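Only one structure is covered here, and it is reproduced in the block below.
What follows is calculated from the coordinates using simple rules that are stated; it is not laboratory data. Just so it is clear, the structure is predicted and the values come from calculations on it, not from any experiment. Note that we place each Cβ from the backbone using ideal geometry, even for glycine, and neighbour counts take in every protein chain shown.
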């Protein structure tokens, strides 16, 4: 696997080594020992999540508050998405900035998102399957959302009427959010 850094501390793009031939392909989406060595991070993943959505669905921007904050290792196993994160860590120079990347079954690219980021994605193909590992268990009490369309963050989703949940429809603005992340 190859690891590519981003302008955001500890936000990493991971490209697994894929072996292809006339039969198809093989790759390891996750190997704990290799992940630790190649990234230098000591993260334990405790929960896997998966969702299936159709084109035009937008999920986000989600995160969990401390002490139940989650780091995530994200990939798409079918279809493709525009994956977006926003840095909520107040002491980072990238605070309140966003980063976007297309993830797909074809490029097999993964993204590691450390604690302290809001995360969301726009589904670009029907029947897309989105999969991610979490470093902490889901906690409804600590679950939060911020507005996907907040102009202070300025994410260009390139869609005018995404399909969103009620939770995302009423999510508060980033502007004024008192972040607990450092």
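Find the centroid of the Cα atoms in the stretch 34-53 and in the stretch 88-129, then give the distance between the two in whole Å.
14 Å
Rounded, prolate or oblate: which one fits the chain, using the alpha carbon gyration tensor with axes a ≥ b ≥ c (rounded when a/c is under 1.5, else prolate when a/b beats b/c, else oblate)?
It comes out oblate by the Cα gyration axes.
As a test of the formula, what do you get for the chain when each DSSP H run with n ≥ 4 contributes -39,500 (n - 2.57) and the sum is divided by the residue count, at 222 nm and rounded to the nearest 500 deg cm²/dmol?
-1500 deg cm²/dmol
Given a 10 angstrom Cα cut-off, can you work out which residue in 142, 62, 98 is the most mobile in a GNM of the chain?
142
Fewest to most neighbouring Cβ within 10 Å: what's the order for 58, 101?
By the 10 Å Cβ count, ascending: 101, 58.
Mind checking which of 54, 31, 136 has the largest fluctuation in a GNM of the chain, springs on alpha carbons under 10 Å?
Per the Cα network of the chain with a 10 Å cutoff, 31 tops the list.
Pairs of alpha-carbon atoms within less than 8 angstrom and 6+ residues apart define the contacts here; what relative contact order does the chain have, in percent?
Answer for the chain is 29 percent.
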